[in-house]
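Right, one structure below, let's go through it.
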Amino acid sequence: MSDDEIPEGEPAEPAEPSESLADIRSQRLAKLDRLRTEGLTPYPYRFDRDRTLAELRAEFGHLEPGEETEVEVQVAGRVMLKREQGRLTFVTLRDRDGEVQLFVSQGVLGREDFAAFNDLDLGDWLGVCGTVMTTRKGELSVKVFSHLLLAKALRPLPDKWKGLSEVDTRYRQRYVDLIVNEEARATFVIRTKAVQALRDRLRDRGYLEVETPVLSLIQGGATARPFVTHYNALDLDTYLRIALELPLKRLIVGGMEKVFEIGRVFRNEGIDTRHNPEFTMLESYEAFVDYTDMMDLVEELISSAAEAAIGTTTVVVRGEEISLAPPYRRATMIELIREHVGVEVHPSMSVEELHAVLDGLGLGYDPAWGPGRLVSELYDGRIEPLLIEPTFVLDYPREISPLAKPHREDPHLVERFELIVGGRELANAYSELNDPVDQLARFRGEAALKAAGDPEAGDVDLDYVRALEYGMPPAGGMGMGIDRLTMLLAQVESIREVILFPTLRPEVGLDESEFRTASETDGD
């Protein structure tokens, strides 16, 4: 075994799990007190690093094995591994961008500073000054001649191999998950790159990024149960927005022509692998185009996001490789039902006829649903989960699409599509309804459903109707789920994997007794 680097596949130091958390924390608190007694601060205000660890590797990755330089660097990161070998200590230091080995010698630091260095624990944040070198095996390292503790970690990191044992703990303590789980870090890098690519493409197309209110006096923009809060200054109940749509279309009325927003929306509904009560949407609206143009836009955005985030347009879904490169298949909802189920349905049929079709397929329904909702239920239950390759599902029933323009060839339908990939909705778009008389009638229909007890139905937004009366040009609009796009690109199955802090039940058993210091326990 070489004596000039941390051996791969071996523990960096004796594992701590044999001791209880309380014991480990007590030992580290004692170190904290000792540092303060010696006049040292375990939490200094700053450290002037001159490069990240990735930049260090990029700059000095060409060094030959055993090569030493006189280049001094200042780097910082978290202590992830530590191995003591007599008068040498080897540490793996990690920052956001990478890792590097620290080569620490008693001969360089002196006995006292070397002992202080060895008193560091895994998880501590550390700044070091030193010269760049490589070990005999070619491991890029920093030969340390001074160090500064930047933050003392009072809790041990999870076991290197077992990690966090419970999935809920990973989500609840995301700060720990990101320390020990390389896949989690990679997922959120993918998310960041994808969102940046979406922004870049839209800006290249002349879109303006805007911000619209999170609080609204009107429930609308989508069919969903809202969160309700209270605005004390005005003594009014307000809703957290369930969509970005209506404020953005007001901006089209105002002549902004191309706008988009990426923002949080809130829906007071269940939590599962595909749904979180708060999630992120991209919505964009463009004047003078229709839903066919939105299909072209969606293809461009998704393929560009894939290239930027993962370097390819090929992803694996349910064990099957699929391509996100355009063009995507385009098929109507009616065609897809005929293709997969072998029945002919249409929103112009009577409810009795459609009840018979759904009964024959073993699908349930609410007797109050109209023909359009029944056709949609058949599609949702039997067709959508089968659509693995990217597919634009076109021309939805008018009954379930209160903000979309009537289909120019069939009054029972609207010009709307959803993009389905891997059996999941990824984007939704319309030729936008801009007839104020028709829009008011549809709002009234929604309000009637709400009055009858439907918590997902919307209100009559008279201000939006007034905006349309000033004239909104023909327009296409699109909404895309950022979380589901990230799931697709990162190839994960749960939405919680792509939201840094997903919604969870309150933690049981966490109380202040776990955080007591030594002085607080002396009287026990």
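The values are calculated or read from the model by the stated rules, or taken from the named source; none is laboratory data. Predicted model, so just to flag it, every value in this text is computed and none were measured. As a convention, Cβ positions derive from the backbone with ideal geometry for all residues, glycine included, and neighbour counts pool all protein chains shown.
When restricted to residues that are of a type outside the set (Asp, Glu), surrounded by 13 or more Cβ atoms within 10 Å (Cβ to Cβ) and in contact (Cβ under 8 Å) with a residue 24 or more places away in the chain, the range 49-70 contains 10.
Identification of helices (runs of 4 or more DSSP H) wholly contained in the range 124-208 with 3 or more residues that are in the same structural domain as residue 254 (by TED's automatic domain parsing), touching a helix residue (DSSP H, G or I) at 6+ places or on another chain (Cβ under 8 Å) and surrounded by fewer than 16 Cβ atoms within 10 Å (Cβ to Cβ) yields 182-204.
With respect to the conditions (1) touching a Leu at 6+ places or on another chain (Cβ under 9 Å); (2) part of a helix (DSSP H, G or I); (3) farther than 30 Å from residue 189 by Cβ, residue 57 lacks only one, and its number is (3).
Screening residue 84 on (1) surrounded by fewer than 19 Cβ atoms within 10 Å (Cβ to Cβ); (2) at pLDDT below 95; (3) among the acidic types (Asp, Glu); (4) touching a helix residue (DSSP H, G or I) at 6+ places or on another chain (Cβ under 7 Å) shows it passes everything except condition (2). Residues of the range 240-285 being hydroxyl-bearing (Ser, Thr, Tyr) and crowded, with 21+ Cβ neighbours inside 10 Å, which ones? Matches in the range 240-285: 284, 285. Tell me which residues, restricted to the range 436-464, are among the acidic types (Asp, Glu) and under 32 Å from the mean Cα position of the chain (by Cα). Those that are among the acidic types (Asp, Glu) and under 32 Å from the mean Cα position of the chain (by Cα): 446, 454, 456, 459, 461. Candidates are the residues of the range 423-482 that are touching a Ser or Thr at 6+ places or on another chain (Cβ under 6 Å) and hydrophobic (A, V, I, L, M, F, W, C); the one that is surrounded by the fewest Cβ atoms within 10 Å (Cβ to Cβ) is 482. The condition of being modelled with pLDDT of 95 or more and farther than 17 Å from residue 244 by Cα holds for residue 200.
Pairing residues of the range 382-407 that are at negative phi and assigned by TED's automatic domain parsing to the domain that holds residue 447 with residues that are at pLDDT 95 or above and among the polar types (S, T, N, Q), at Cβ distances under 6 Å and at least 6 apart in sequence or on separate chains, gives 394/332; 397/376; 400/376; 405/431.
Filtering 449, 374 for residues that are farther than 27 Å from residue 253 by Cα and out of contact with any helix residue (DSSP H, G or I) (no Cβ under 9 Å at 6 or more places or on another chain) leaves a single hit, 449. Between 467, 475, 447, 451, the distinction of being over 24 Å from residue 240 (Cβ atoms), modelled with pLDDT of 90 or more and assigned by TED's automatic domain parsing to the domain that holds residue 207 belongs to 475 only.
Taking residue 255 as the residue in question, decide whether it is assigned by TED's automatic domain parsing to the domain that holds residue 492, in a strand (DSSP E or B) and more than 15 Å from residue 218 (Cβ to Cβ). Considered against the rule, which asks whether it is assigned by TED's automatic domain parsing to the domain that holds residue 492, in a strand (DSSP E or B) and more than 15 Å from residue 218 (Cβ to Cβ), residue 255 comes out as no. Of all residue pairs spaced 6 or more apart or on separate chains, those with beta-carbon atoms under 8 Å, a first member in the range 187-202 that is closer than 16 Å to residue 498 by Cα and a second member that is surrounded by fewer than 17 Cβ atoms within 10 Å (Cβ to Cβ) are 188/178; 188/500. In the range 487-502 there is no residue matching the filter, namely being over 33 Å from the mean Cα position of the chain (by Cα), over 30 Å from residue 289 (Cα atoms) and surrounded by fewer than 16 Cβ atoms within 10 Å (Cβ to Cβ). When restricted to residues that are closer than 25 Å to residue 426 by Cβ and crowded, with 17+ Cβ neighbours inside 10 Å, the range 342-374 contains 5. Applying the criterion of being in a helix (DSSP H, G or I) and not aliphatic (A, V, I, L, M) to the residues of the range 484-505, the residue that is nearest to residue 278 (Cα to Cα) is 496.
Return yes or no: is residue 316 assigned to a strand (DSSP E or B), touching a residue at least 12 places away in the same chain (Cβ under 8 Å), assigned by TED's automatic domain parsing to the domain that holds residue 274 and within 23 Å of residue 409 (Cβ to Cβ)? Taking the combined requirement at face value, the residue does not satisfy it.
The set of residues in the range 230-249 being under 25 Å from residue 275 (Cβ atoms) and of a type outside the set (Lys, Arg) consists of 237, 238, 239, 240, 242, 243, 244, 245, 246, 247, 248.
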